[in-house]
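Structure, as structure tokens:
The values are calculated or read from the model by the stated rules, or taken from the named source; none is laboratory data. Since the model is a prediction, treat every value here as computed from it, not as a measurement. Cβ placement follows ideal geometry from the backbone for every residue including glycine, while neighbour counts extend to all protein chains displayed. When the accessible area is computed, the model is the full protein with side chains, heavy atoms only, and any ligands, DNA or RNA have been set aside. Shrake-Rupley method; radii C 1.70, N 1.55, O 1.52, S 1.80 Å.
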Amino acid sequence: MAKKKAIIHIPTEFVSDVRQIIDNGRQQAFSTASAIALATYWNIGRRIVEEEQKGNVRAEYGSRLIAGLAEELRHEYGASYNKRNLEHFRKFYLLFNDIQIVNELVHNLTWTHIRRLLSVTNTEARLWYMSQASKDMWSTTTLDRNICSQYYERRLADQREHPKDILPITKAPYNDSDPLEYIKNPTVAEFMGFKPDSHFSESELEQALIDNLEKFILELGRGFAFVERQQHISTDMDDFYIDLVFYNFRMKRFVIFELKTHKMTHGDVGQLDMYVRMYDDLIKGPDDNPTIGVLLCTDTDSTIAKYSVLNDSNQLFAAKYMTYMPTEDELRREIERQKQFFLDHHNQA
């Protein structure tokens, strides 16, 4: 009679630890392989450019050179080295021709990330996207959306009057203590699913943001954590409810959002100002910086901003939200308009 094998009970924590080791190893192997592939593509691009220069960089010669090289390589190495990809390798080298910068910034990035970055024409923006995608481990989908929504151009650091030449182009132009650098205007919220001409209530807008909270936090930017929806604040005289409350651990302050389905009004600004003062007085801790209030509305108004408490306030901000992804030209015009709005009413030293 065969003996029954003794049942060994494997500790759950032990299994979890081994799984973590395997997952970490796979991730490291993937990252290493990806980095090696990118270095290979960069060096291929470098060699193509060097060979072109021997032919005085004539367009016709360059085209024939790449086509001929692709024909030689594809039999041995497959379709990955076709003419189109070789042209991308060449562009990769030309746009990122400092290998030290490339080695510093390609962590966590794949060739698909790089391919998307090749379409960014602004040098500073291209390097900034590359740096942030690596640092924050953006997926290729996230990178694509941030480029399409002109994340870099909406960064207020790039809209302020700082000379660009004092900012290292490989570093994000941040000042972690400046609230202006965390509020992108306009805010693009196409992920909520509303059509450009659709009508919705403030509660529906709020619910749509909550339903897409992860995407909304991504749109807000760095350091945001969700706190509460319709946060109740009670005073001796009345009860108040704040639409959305976040905490930004980089700024070390609460950020409250009031949502409006209309153009900003004087009453909206006054309400936001009251909420910010109440929050500072009743909820903010001694180690927290002053609360920030953001009015998200369908459009801003320079006249109301000029003659209200919003003017020159370092705690109150208004930003336009767009429920659809505009065209590149539409977004560029809106960025310029909102940039001027910020500069007019938050001209801080």
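Among the listed residues 263, 339, 284, identify the single one that is under 30 Å from residue 148 (Cβ atoms), modelled with pLDDT of 85 or more and among the basic types (Lys, Arg).
Values: 339 fails: modelled with pLDDT of 85 or more; 284 fails: under 30 Å from residue 148 (Cβ atoms).
Going through 263, 339, 284 in turn, the sole match is 263.
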Would you point out the residue of segment 3-57, among those that are surrounded by 10 or more Cβ atoms within 10 Å (Cβ to Cβ) and among the acidic types (Asp, Glu), that is modelled with the lowest pLDDT?
-> 17
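For segment 186-217, which residues satisfy the criterion of being small (Gly, Ala, Ser) and modelled with pLDDT of 80 or more? Spell out how you get there, then give the answer.
Initially, segment 186-217 is screened for residues small (Gly, Ala, Ser), giving 189, 193, 198, 201, 203, 208.
Answer for segment 186-217, where residues must be small (Gly, Ala, Ser) and modelled with pLDDT of 80 or more: 201, 203, 208.
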So which residues in segment 75-100 are of a type outside the set (D, E, K, R), in a helix (DSSP H, G or I) and open to solvent by less than 80 Å² (accessible area, probe 1.4 Å), if there are any at all?
-> 79, 80, 81, 85, 86, 88, 89, 92, 93, 94, 95, 99
What's the number of the condition residue 303 fails, among (1) outside any loop (DSSP other than H, G, I, E, B); (2) among the polar types (S, T, N, Q); (3) over 19 Å from residue 206 (Cβ atoms); (4) open to solvent by less than 70 Å² (accessible area, probe 1.4 Å)?
-> (4)
Whichever residue in segment 223-258 is in a loop (DSSP other than H, G, I, E, B) and in contact with a strand residue (DSSP E or B) (Cβ under 8 Å, 6 or more places away or on another chain) and, among such residues, is surrounded by the fewest Cβ atoms within 10 Å (Cβ to Cβ) | 249
Exactly one condition in (1) touching a Ser or Thr at 6+ places or on another chain (Cβ under 9 Å); (2) touching a residue at least 24 places away in the same chain (Cβ under 8 Å) is not met by residue 272; state its number.
-> (1)
Among the residues of segment 101-126 satisfying the criterion of being among the hydrophobic types (A, V, I, L, M, F, W, C), modelled with pLDDT under 85 and assigned to a helix (DSSP H, G or I), which is nearest to residue 151 (Cα to Cα)?
-> 105
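Residues of segment 109-150 being small (Gly, Ala, Ser) and more than 20 Å from residue 222 (Cβ to Cβ), which ones? Spell out how you get there, then give the answer.
Within segment 109-150, the subset small (Gly, Ala, Ser) is 119, 125, 131, 133-134, 139, 149.
Across segment 109-150, the qualifying residue is only 119.
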